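Values quoted throughout were computed directly from the atomic coordinates according to the rules given, and no laboratory measurement underlies them. Remember, it's a predicted structure, so these values are computed and weren't measured experimentally. All Cβ positions, even for glycine, are placed from backbone atoms using ideal geometry, and neighbour counts span all protein chains on display.
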Amino acid sequence: MSLVVAKNLEKTYRLGDILVTAIRDVNFTIEPASFVSFVGPSGSGKSTLLNMIGCLDPPTMGSLRVAGRDIVRMDRQQAARFRGEHIGFVFQDFNLIPILTVFENVEYPLLMVQNWPAPARKKRVGELLEAVGMGDQGNKYPRQISGGQKQRVAVARALVTNAGLVLADEPTANLDGETANRIIHLMKKMRDAFNTTFVFSTHDPKIMRDAEIVFTLEDGKLLKRRNDEGGAHG
Amino acid sequence: MVNVIKIAARNLRRYQRRTLLTSALIALGVVAVLLFISITGSFKQMMVGQITDAMIGHLQVHRNGYLAAIDNLPLNRNLNRKQVAKVKQILGETAEIESFSMRIKLGAMFSNFTETTNIRLNTVIPEQEVKTVPLLIDRIIQGEKEESLLKKGQILIPELLAKGMKVNVGDSIVLVANNKDGSVNGQTFTVSGVLEGITGPGGRDGMIHLDDARQLLRINDVEVSEIAIRLKNMGDLPGVFSGLKAALESIRDKNDRPVFELHTWEKLSPFYNIAKMIDLMTLFIKIMLVAVVLVSITNVMIMAVYERINEIGTIAAIGTLPRRIMALFVVEGFLLGVVGTAVGTVISLISIAAINAAGLTFDFGRQSNLVLAPTIGAGDVITIVLIVIGIAVAASVQPAFKAARMDPITALRHV
Ligand SMILES: Nc1ncnc2c1ncn2[C@@H]1O[C@H](COP(=O)(O)OP(=O)(O)OP(=O)(O)O)[C@@H](O)[C@H]1O
Ligand SMILES: [Mg+2]
């Protein structure tokens, strides 16, 4: 069963009297454990599409199923629950919570979203920090670590709840080339380790090379899909 | 919930200066209110004590209509033998009553053999009177403060009269009075003391023995103008009042009008209005405290939400339920209120203890060197604490609601 199924998906924003169609008649599927990228120029609709898949923004038309659920007609509460259970997010600006340590940032979804008991939390957070190479930095605060390290922590936070899908809108836009590369490779490694589906958007050609499946968007339309089983770095 | 509190506390610590400033403001408000309540409360209690214990008693019974005419001290509205017996019986059956004192009030001419003036007289049975208004003896500012108050043939004269007529302790004076029939009688008295004047009815009256009054007025039978009553415990006043009122009002005359009237000290003393005024001021101060807390917490919480829009977007996106987000902010306001109140309460209690230790004194009217002994009841403290914390929570609700309702995408895009 496909993890994400979009049919005739459309998103229109209303700006005063004018309607802006950000996504028009888009169809695609995403399989579990795949490593997918949406690419396209600025304003092509990447963020809009990711927000819809992420249950943050409802489509105007069409159908969208994620993890077997129709997510088009969910209320705020249901959407929040669904996100907390099935979706992890990695943000362009890292978005760690400044008053919490690295450890606590990763722990946050287990504590405030999923209500895990303390011992299980500790173990799980420890595993994830280890997996992203931040095992010895747990006690630091976000302001004490670099951008690349922050994004590692963010990846750990997205994965900690065992979400089937991690969405990352331009996760490398605030990182230098080398660090960006490492983050993408980390995400791929995590995909391999946890069988989590990663969907990210980018307009950096070097980064999109690493995706196994690339959807190209232009002016809200899905132009083409490139399949590259095995990936550029195999 | 523990985690919500932890995170809220950390957020408060993040803006340390603002948190300190806001809780200091709340603490200041709490201190102002608690000190005001305790100081005015002790002042009120002392004044009420002075008034009830030096003059009025807690309750008074008169013949119906007496009080309306009290300025003339009418003799034809006194209680007769049967009526006095009835009241005595009812009072005797009331366990909360400590004692009562029967008085005849009258107006007379006062002469020092060279000059004559008017005098209002309160005539008493000394043993009853000192039991019913125990502080009366302290009002004797010249002459001997004897337990017996005064003997037959003696008179206690008000301070103003003593000065105006240049009468001293030991002097002889003559009282001349009209009795009910209109005939005139005179009698000589020895001044045994001077009474300090106080505000309120009877506060500037002279005092003689009831038996002398009966002789002066040629009263042969029992006759009483007023019966002052003292309770064992002033807290029983409302209950005793309604009980006595019911019992007394059930006694009717031929025209089915009540024979007696009963009043509490509150109805009899003008100080009651001052006491009410103090209560009103306390209310205003409380309202100001509420306003201070409301404004400062709302302000801080609106800032907190505004500064953290991005964070709110983040935690909302990763699945934090709206009501959790709401709780985070409400708890933050709650904690701010708790810290402010705790600090304020501690400072207040220490200050009250310090004032008591210092033994500050104040003057009120003609009374000086009254010791300020503020106390505060646990009930008052708890009320203020609950009000402040309640308002702190209420003030956070709107900003917290706004945070909880925020659209994650809009919040995340906010810079
Ligand atoms: N909330 C909104 N209201 C109105 N129009 C919007 C809104 N969000 C997006 N759009 C419009 O939708 C279109 C797609 O925007 P989107 O942000 O998805 O593009 P993008 O591919 O993510 O661009 P970028 O690479 O700059 O992030 C744009 O024309 C944008 O102006
Ligand atoms: Mg975008």
**Q.** Residues of region B:329-362 with amide N under 15 Å of the 7 Å Cα→Cβ point at B:ASN369
**A.** B:359-362
Q. What FRET efficiency would be calculated for the residue pair B:MET288, B:ARG13, taking the C-beta separation as r and a Förster radius of 22 Å, to the nearest 0.05?
A. 0.15
Q: Please find, in a Gaussian network model of chain B (springs between Cα atoms separated by less than 10 Å), the residue of B:THR132, B:THR341, B:THR361 whose mean-square fluctuation is greatest.
A: B:THR361
Q: Can you grab the distance from the C-alpha centre of region B:121-187 to the C-alpha centre of region A:201-227, Å, no decimals?
A: 111 Å
Q. Spin-label point model (7 Å from Cα, Cβ direction): what's the B:GLU196 to B:GLU144 distance in nm?
A. 2.1 nm
Q: Consider just the alpha-carbon atoms of region B:65-258 and return their Rg together with their Dmax, both in angstrom.
A: 17.3, 52
Q) Once both labels are modelled 7 Å past Cα along the beta-carbon direction, what's the B:GLN45-A:SER2 spacing in nm? A) 8.0 nm
**Q.** Unit charges on C-beta of K, R, D, E only; dipole of the protein assembly as shown, Debye
**A.** 1260 debye
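From the square roots a ≥ b ≥ c of the eigenvalues of the alpha-carbon gyration tensor of chain B, which class results: rounded (a/c under 1.5), prolate (a/b over b/c), or oblate?
On the way: a/c = 4.22, a/b = 2.75, b/c = 1.54.
Judged from the Cα gyration tensor, chain B comes out prolate (a/c at least 1.5, a/b above b/c).
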**Q.** Of B:ARG120, B:ARG18, B:ARG139, the one that fluctuates the most in a GNM where chain B has Cα springs shorter than 10 Å
**A.** B:ARG18
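Under the Kirkwood approximation for Rh and a Cα-based Rg, what ratio Rg/Rh is obtained for chain A? Don't jump to the answer; show the numbers that get you there.
Details: Rg = 17.4 Å, Rh = 18.1 Å.
With Rg and the Kirkwood Rh in hand, the quotient comes to 0.96.
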Q | Contour excess over end-to-end distance, with Cα ends at A:LYS189 and A:VAL72 and 0.36 nm allotted per residue | A | 39.0 nm
Q) In nm, to one decimal, how far is the modelled label at B:THR116 from the one at B:ALA69, with both set 7 Å along Cα→Cβ? A) 2.4 nm
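Give A:LYS189/A:LYS224; B:LYS254/B:LYS276; B:LYS82/B:LYS232 a once-over and call out the pairs whose C-alpha atoms are over 30 Å from each other. Mind dumping the intermediate values first?
Working: A:LYS189/A:LYS224 26 Å; B:LYS254/B:LYS276 39 Å; B:LYS82/B:LYS232 27 Å.
In this structure, B:LYS254/B:LYS276 exceed 30 Å between Cα atoms.
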Q | Candidates per trypsin sites (Lys or Arg not before Pro) in region A:31-124, loop by DSSP, up to 11 other Cβ within 10 Å | A | A:ARG73
Q. With helices defined as uninterrupted DSSP H runs, which ones in chain B have an alpha carbon span along their own long axis of at least 24 Å and mean Kyte-Doolittle hydropathy of at least -1.0?
A. B:16-51, B:271-307, B:322-358, B:378-405
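Just the number, please: percent antiparallel of the DSSP beta bridges in the protein assembly as shown, rounded to the nearest 5. Working shown, then result.
On the way: 67 of 94 bridges.
Just about 70 percent of them are antiparallel.
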(Q) Show log10 I(q)/I(0) for the protein assembly as shown at q = 0.07, 0.12 Å⁻¹, two decimals, from a solvent-free Debye sum over equal Cα scatterers. (A) -0.64, -1.16
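By the gyration tensor of its Cα atoms, with a ≥ b ≥ c the square roots of the eigenvalues, what is the shape of region B:299-415: rounded for a/c under 1.5, prolate for a/b over b/c, or oblate? Show your work: numbers first, answer last.
Working: a/c = 4.46, a/b = 3.97, b/c = 1.12.
Since a/c reaches 1.5 and a/b is larger than b/c, the shape of region B:299-415 is classed as prolate.
Mind putting a number on the dipole of region B:158-316 about its Cα centre? Charges go on the C-beta only, +1 for Lys and Arg and -1 for Asp and Glu, and I need it in Debye to the nearest 20. Can you show the working numbers first?
Details: 16 positive and 19 negative charges, 30 e Å.
The calculation lands at about 140 debye.
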Q.
Of the candidates B:TYR306, B:TYR66, B:TYR272, which one comes out as most mobile in a Gaussian network treatment of chain B with C-alpha springs shorter than 10 Å?
A. B:TYR306
Q | Dipole of the protein assembly as shown, positive direction: furthest Cα of A:LEU50, B:GLN142, B:ILE51, with charges on the beta-carbon | A | A:LEU50
Q. Among B:VAL169, B:ILE208, B:VAL222, which residue has its Cα positioned farthest towards the positive end of the charge dipole of region B:163-231, with +1 placed on the Cβ of Lys and Arg, -1 on the Cβ of Asp and Glu, and the dipole taken about the Cα centre?
A. B:VAL169
